[in-house]
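Q: Mind looking over this structure? Questions follow.
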Amino acid sequence: MNWTAFFAMLARDAHVARRNAIQLFFQTFLQPLLFVFVFGKVMVGSGYMPPAYKSLLLPGIMAISMVFTGIWAVAMPLIAEFQWTREIEDRLLAPIDIHWVAIEKVVAGMIQALVAGLVVVPLAWLVLRPGVDLHVQHPVGFIAIILLVSAFSACGGLALGCTMNQQHVGLMFSLVITPMIFFGCAYYPWSALKTFPILQKLVLINPLVYASEGLRGTLVPQFPHLPILAVLVVLLFFDCLLLAVGLRQFDKKSVS
Amino acid sequence: MAVGLRTQDLRKIYNSPPPAAAGGIVHRADAKGSKQAKTEIKALDGVSLEIQPGEIFGLLGPNGAGKSTTVGVLTTRVRPTSGQAWVGDHDVWKEQAAVKYLIGVVPQRPNLDFSLTAREILLFHGAYFGLGYKVSHERVEQLLEKFKLTDRADQMTRGFSGGMMQRLSIARAMMHDPKVLFLDEPSAGLDPQTRILLWEIIRDFNRSGKTVLLTTHYMEEADALCNRLAIVDHGRVIAQGSPEELKRSIPGGYLLRLRFANSNATLFDRLRTLSGVREVQSADGTGANLYADRGGSLIAEIANLAASNGAELSDVHISEPSLENLFLHHTGRSLRD
């Protein structure tokens with residue numbers, strides 16, 4: 001394994017991210033902050049939502065930020081680089097097995113997802129305070145969850161980015177991303193769906209559900225949530241599945 | 001030490017249109033028949049080549065002949081359906097990373113990393129190959145200078161002209177000091193000055209004992225640069241040798257492309273009897289391609305012969321021994337058809 005080439009590619013991605021830092025900042029944080037402001041501040045402040053909603057909302061916002069940053073950070077560059085210009089070719093010709101080029105993209109995506117998750121929490125807390133009740137009782141569990149969530153988002157980005165074409169990006173959002181957000185138990189706990197039993201079973205195929213519930217279980221355990229162990233197992237399953245699919249698609253796209 | 005290349009009976013069949021990696025347009029196999037045959041595109045049909053260490057070897061052929069696919073296989077970018085390829089002693093498909101150290105690739109269309117500046121493209125390319133900081137920075141300056149890119153070095157490459165992108169692609173391919181340089185249609189779309197600069201650079205690179213494989217459909221380029229050539233058409237090698245050897249293999253050497261008003265079959269038979277004429281092929285019904293060992297001095301005799309057969313010579317084009325003629329002789333088609 002050629003770690004020199006691997007880290008050089010990681011350095012390249014970091015360099016590009018630094019160059020686009022302002023754009024990335026707004027892309028990552030503007031939407032969650034507006035959401036936090038409207039639902040956590042306006043709706044709670046005007047009495048339409050109970051004050052406890054602030055604490056319930058925060059892990060969900062963190063999950064959404066992490067998952068979509070990771071997907072976006074991996075999928076969008078891949079879609080662009082595999083297009084007509086074949087920008088990725090110089091890395092495919094680097095002296096390293098091409099699967100490591102894909103894994104490097106996943107690692108870069110994971111780092112961005114982790115940064116997004118860890119920055120959105122204090123930002124949202126600043127908007128929402130006072131009245132946010134965070135209790136991290138199991139730091140190891142929390143770290144495991146955020147690692148698995150970031151891996152799931154980056155592997156998902158790899159699978160999507162190597163499957164979709166540029167002309168399908170709009171479709172990807174309306175068909176995959178939007179339903180994932182709304183049925184991802186980010187704005188409400190999974191247990192809130194008990195009055196819709198069929199829907200409650202159906203949303204279990206949505207990996208965002210486990211990200212939201214896992215973060216809820218480790219940050220605000222006072223609210224109902226899925227068992228942490230189950231969340232860890234399912235997230236690990238999604239990580240492996242999406243990585244396998246992503247590597248296969250990457251191989252198909254990169255070698256003809 | 002110089003490194004050679006070898007391929008053995010390479011075949012490549014695409015079941016869907018080839019992605020951009022292969023480049024070019026490939027010959028579509030018989031489109032009629034079963035559903036399977038419709039999507040089957042035979043890009044390579046048994047290509048065996050042996051390229052000596054330190055030579056400039058050319059693959060000459062029209063668009064879609066299989067040149068880019070051959071380069072793709074040798075550079076790990078196209079997986080052959082069958083057959084083998086070696087760079088030096090390394091099997092391209094078993095030792096990809098080792099092969100990638102040895103080769104530099106200039107693609108048909110520039111595939112520069114648009115998120116980086118020209119200088120960064122070279123620096124990161126060096127980093128992928130593990131070049132140290134000092135070596136890398138020195139080499140970047142040399143290459144930028146050599147390729148006349150110094151004043152644009154810190155600009156993003158998106159706004160570069162085609163020629164500049166091409167030059168930067170070549171600089172990038174040379175950055176890690178490869179043993180073999182692949183250039184896929186290097187002069188396509190270049191202005192004449194840049195083309196001459198490019199030829200100089202290729203010769204210069206070769207003088208240091210390095211191997212060059214280039215593809216082209218410019219006969220002059222192949223003639224001017226290559227030690228040896230393979231002429232490729234429909235995924236097969238149809239002729240191989242030095243430009244001189246190949247040109248000598250054209251019957252007579254001279255090609256006279258003739259057009260007649262009111263031509264007839266007896267005229268063609270009688271053209272064959274003229275002294276110095278080696279071969280007459282009819283072309284498009286009203287014309288003939290005549291291979292002979294002399295050129296202009298035949299015209300008067302041809303015109304007389306035509307007149308005495310009730311035909312009239314309406315157009316003549318004489319070409320001296322060239323690869324263009326060779327290609328025409330082997331395939332019945334012009335290189336640019």
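The values are calculated or read from the model by the stated rules, or taken from the named source; none is laboratory data. Quantities reported herein were computed from a predicted structural model and do not represent experimental measurements. Glycine also receives a Cβ, built like all others from the backbone with ideal geometry; neighbour counts cover every protein chain displayed.
Q: Just to verify a result, which residue in region B:90-108, among those that are under 21 Å from A:Glu81 (Cα atoms) and assigned to a strand (DSSP E or B), is nearest to the other protein chains (Cβ to nearest Cβ)?
A: Looking at residues that are under 21 Å from A:Glu81 (Cα atoms) and assigned to a strand (DSSP E or B), I get B:Val105.
Q: Further question: Scan region B:109-133 residue by residue and report those that are of a type outside the set (D, E, K, R), assigned to a helix (DSSP H, G or I) and more than 7 Å from chain A (Cβ to nearest Cβ).
A: First, the residues of region B:109-133 that are of a type outside the set (D, E, K, R): B:110-112, B:114-118, B:121-133.
Adding the requirement that they be assigned to a helix (DSSP H, G or I) leaves B:118, B:121-128, B:133.
Listed by number, the residues that qualify are B:Ala118, B:Ile121, B:Leu122, B:Leu123, B:Gly126, B:Tyr133.
Q: Which one is modelled with the lowest pLDDT, of the residues in region B:26-53 that are within 14 Å of chain A (Cβ to nearest Cβ) and within 25 Å of A:Asn165 (Cα to Cα)?
A: B:Val26
Results for (1) in contact with a strand residue (DSSP E or B) (Cβ under 6 Å, 6 or more places away or on another chain); (2) surrounded by 23 or more Cβ atoms within 10 Å (Cβ to Cβ); (3) in contact (Cβ under 8 Å) with a residue 40 or more places away in the chain, shown as yes or no for each residue.
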{"site": "A:Gln31", "(1), (2), (3)": "no, no, no"}
{"site": "A:Gly45", "(1), (2), (3)": "no, no, no"}
{"site": "A:Leu57", "(1), (2), (3)": "no, yes, yes"}
{"site": "A:Met62", "(1), (2), (3)": "no, yes, yes"}
{"site": "A:Ala73", "(1), (2), (3)": "no, yes, yes"}
{"site": "A:Pro77", "(1), (2), (3)": "no, no, yes"}
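Q: Moving to a separate point now. For region A:7-28: of the residues being more than 14 Å from chain B (Cβ to nearest Cβ) and surrounded by fewer than 18 Cβ atoms within 10 Å (Cβ to Cβ), which is farthest from A:Val121 (Cα to Cα)?
A: The extreme case among them is A:Ile22.
Q: Another question about this same structure. Just one of B:Thr81, B:Thr70 is assigned by TED's automatic domain parsing to the domain that holds B:Glu200, of a type in the set (Ser, Thr, Tyr) and crowded, with 17+ Cβ neighbours inside 10 Å; which is it? It would help to see each step written out before you state the result.
A: Details: B:Thr81 fails: crowded, with 17+ Cβ neighbours inside 10 Å.
Exactly one residue qualifies, and that residue is B:Thr70.
Q: Would you call B:Arg167 in the same structural domain as B:Phe129 (by TED's automatic domain parsing) and either among the acidic types (Asp, Glu) or free of Cβ contacts under 8 Å to residues at least 60 places away in the same chain (or both)?
A: Working: in the same structural domain as B:Phe129 (by TED's automatic domain parsing): yes; either among the acidic types (Asp, Glu) or free of Cβ contacts under 8 Å to residues at least 60 places away in the same chain (or both): yes.
When the stated conditions are applied, B:Arg167 passes them.
Q: For region B:92-123, how many residues meet the condition of being in contact with a Pro (Cβ under 6 Å, 6 or more places away or on another chain), surrounded by 21 or more Cβ atoms within 10 Å (Cβ to Cβ) and under 27 Å from A:Ala14 (Cβ atoms)?
A: 2
Q: Examine region A:83-95 for a residue that is buried (at least 19 other Cβ atoms within 10 Å of the Cβ) and closer than 30 Å to A:Phe142 by Cβ, and state whether such a residue exists. Can you show your working first?
A: First, pick out the residues of region A:83-95 that are buried (at least 19 other Cβ atoms within 10 Å of the Cβ): A:86-95.
Those still in the list that are closer than 30 Å to A:Phe142 by Cβ too: none.
No, because not a single residue in region A:83-95 is buried (at least 19 other Cβ atoms within 10 Å of the Cβ) and closer than 30 Å to A:Phe142 by Cβ.
Q: Quick check on B:Tyr291: is it buried (at least 18 other Cβ atoms within 10 Å of the Cβ) and within 30 Å of B:Arg203 (Cβ to Cβ)? Give the derivation first.
A: Details: buried (at least 18 other Cβ atoms within 10 Å of the Cβ): yes; within 30 Å of B:Arg203 (Cβ to Cβ): no.
No: the conditions fail for B:Tyr291.
Q: For the condition within 14 Å of another protein chain (Cβ to nearest Cβ), surrounded by fewer than 23 Cβ atoms within 10 Å (Cβ to Cβ) and at pLDDT 90 or above, what is the one hit in A:Ile98, A:Ile103?
A: Values: A:Ile103 fails: within 14 Å of another protein chain (Cβ to nearest Cβ).
Being within 14 Å of another protein chain (Cβ to nearest Cβ), surrounded by fewer than 23 Cβ atoms within 10 Å (Cβ to Cβ) and at pLDDT 90 or above holds for just one of A:Ile98, A:Ile103, which is A:Ile98.
Q: Residues that are farther than 29 Å from A:Ile205 by Cβ: list the helices (runs of 4 or more DSSP H) wholly contained in region A:57-173 that include at least 3 such residues. If you could, list the steps in order and put the result at the bottom.
A: Numbers: elements: A:89-92, A:98-128, A:139-161, A:169-172.
Answer list for region A:57-173: A:89-92, A:98-128.
Q: Looking at region B:54-89, which of the residues that are within 14 Å of another protein chain (Cβ to nearest Cβ) and of a type in the set (Lys, Arg) is nearest to the chain's Cα centre (by Cα)?
A: The selected residue is B:Arg77.
Residue by residue, here is whether (1) among the charged types (D, E, K, R); (2) under 26 Å from A:Val120 (Cα atoms) holds:
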position	(1), (2)
A:Leu171	no, no
A:Phe183	no, yes
A:Phe196	no, no
A:Phe223	no, yes
A:Val234	no, yes
A:Lys253	yes, no
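Q: Now a separate question. Report yes if B:Gly209 is more than 22 Å from B:Ile51 (Cβ to Cβ) and either assigned to a loop (DSSP other than H, G, I, E, B) or not assigned by TED's automatic domain parsing to the domain that holds B:Tyr128 (or both), otherwise no. Working first, answer last.
A: Values: more than 22 Å from B:Ile51 (Cβ to Cβ): no; either assigned to a loop (DSSP other than H, G, I, E, B) or not assigned by TED's automatic domain parsing to the domain that holds B:Tyr128 (or both): yes.
Criteria not met by B:Gly209.
Q: Got at least one residue in region B:157-164 being outside any helix (DSSP H, G or I), at pLDDT below 95 and out of contact with any Asp or Glu (no Cβ under 9 Å at 6 or more places or on another chain)?
A: Yes; the residues of region B:157-164 include at least one that is outside any helix (DSSP H, G or I), at pLDDT below 95 and out of contact with any Asp or Glu (no Cβ under 9 Å at 6 or more places or on another chain).
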